[in-house]
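Worksheet: one structure, shown below.
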Amino acid sequence: MAEFNEDSDGMRVTEVSQREEGWTFLVEVGHGDNLIEYFIDVDKEYWTRLTARRIEPAELVKATFEFLLDKESKEVILKKFNLSDVSGHFPNYENEIRRIL
């Protein structure tokens, strides 16, 4: 199980399950009473297409949340979604993620 602790920016990414077709991650943003939890599904096929397997899925989730938090506040981000849905809300997402990877 992968885990990334980024206490400096108040983000923690933890793999909570793995299955043949992908993973589910818990993303925690904030601290104490301001903590918000998100459950993110990552399909293995989408991860491969987006990253060419150059980075771990947890790193992709973290980069995605950094992208999202640059666009909107943590309070309006959906609490549960599939990573592949992000491009439907932000058409430049895939290009931006590939650029920063």
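Read-outs: derived from the displayed coordinates by stated rules, not from any lab. All figures in this text were calculated on a predicted structure; none of them were measured in a lab. Glycine also receives a Cβ, built like all others from the backbone with ideal geometry; neighbour counts cover every protein chain displayed.
A dipole drawn for the chain from +1 and -1 charges on Cβ atoms has a positive end, and of Ser84, Gly10, Phe39 the residue lying farthest that way is Ser84. Each of Asp70, Asp41 has some number of other Cβ atoms within 10 Å of its Cβ, and from fewest to most they run Asp70, Asp41. Here the 3J(HN,Hα) profile of the range 66-72, calculated from phi with Karplus coefficients 6.51, -1.76 and 1.60 at θ = phi - 60°, is 4, 4, 4, 5, 6, 9, 7 Hz, Gly and Pro shown as x. Every pair of different Cα atoms in the range 3-100 enters the Kirkwood calculation, which places the hydrodynamic radius at 13.6 Å.
Gain on full extension, evaluated as 0.36 nm per residue between Thr14 and Asn34 minus their Cα-Cα distance, stands at 5.4 nm. For the peptides 21-29, 88-96, residues were scored by their other Cβ atoms within 10 Å and the scores averaged per peptide; the highest-first order is 21-29, 88-96. The ranking of Ser73, Ser87, Ser17 by Cβ neighbour count inside 10 Å, starting from the fewest, reads Ser73, Ser17, Ser87. The relative contact order of the chain comes to 22 percent, based on Cα pairs under 8 Å that sit 6 or more residues apart.
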